[in-house]
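Okay, structure first, notes after.
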Amino acid sequence: MKLELRRIILFTRNMEAMSRFYGETLGLKLAESAPGWKDYQAGACAIALHEGESKIGNRPPKLAFYAADVAATRASLARRGIKLGKIISAAHHDMCDGKDPDGNAFQISSRK
């Protein structure tokens, strides 16, 4: 099993301003755009904007690790005692969420 940090997800209620900031002001290239979602190339780790309210302590940024096979990775992590949510299948990728010991959210995702 190999995990790579591929994306940090920032939740925002101001998608337009955040998109301008990351795309125009910082000059990051838009890699993917879908309703409520913008994904910017930022080197080895992307920055994604996810429409929705960010609540400090309740909805902080989420670390998203890439795994080609989410189900196998989830099973491997579960054998190590890590509790993960159900696998959710989207149009082009699978994902499941978990929390680290301090309660910080992370995700295993096959989204490249």
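Taking a ≥ b ≥ c as the square roots of the eigenvalues of the Cα gyration tensor of the range 38-112, is the shape rounded (a/c under 1.5), prolate (a/b larger than b/c) or oblate? The shape class here is oblate. For the cross-link pairs K62/K112; K2/K112; K62/K83; K55/K83; K38/K112; K2/K99, the ones whose C-alpha atoms lie over 20 Å apart are K55/K83. Between S19 and H93, the contour length at 0.36 nm per residue exceeds the Cα-Cα span by 24.4 nm.
Farthest towards the positive end of the charge dipole of the chain, among the residues Y22, C96, A78, is the Cα of A78, using unit charges on the Cβ of Lys, Arg, Asp and Glu. About the centre of its Cα atoms, the chain shows a dipole size close to 320 debye [charges on the beta carbon of Lys, Arg (+1) and Asp, Glu (-1) only; nearest 20 debye]. Each part reduced to its alpha carbon centroid, the range 14-65 and the range 68-88 end up 25 Å apart.
FYI, it's all coordinate maths here, none of it is from the lab. The structure presented is a predicted model; accordingly, all values stated were derived computationally and were not measured. No Cβ is skipped: glycine too gets one built from the backbone with ideal geometry, and neighbour counts run over all protein chains shown.
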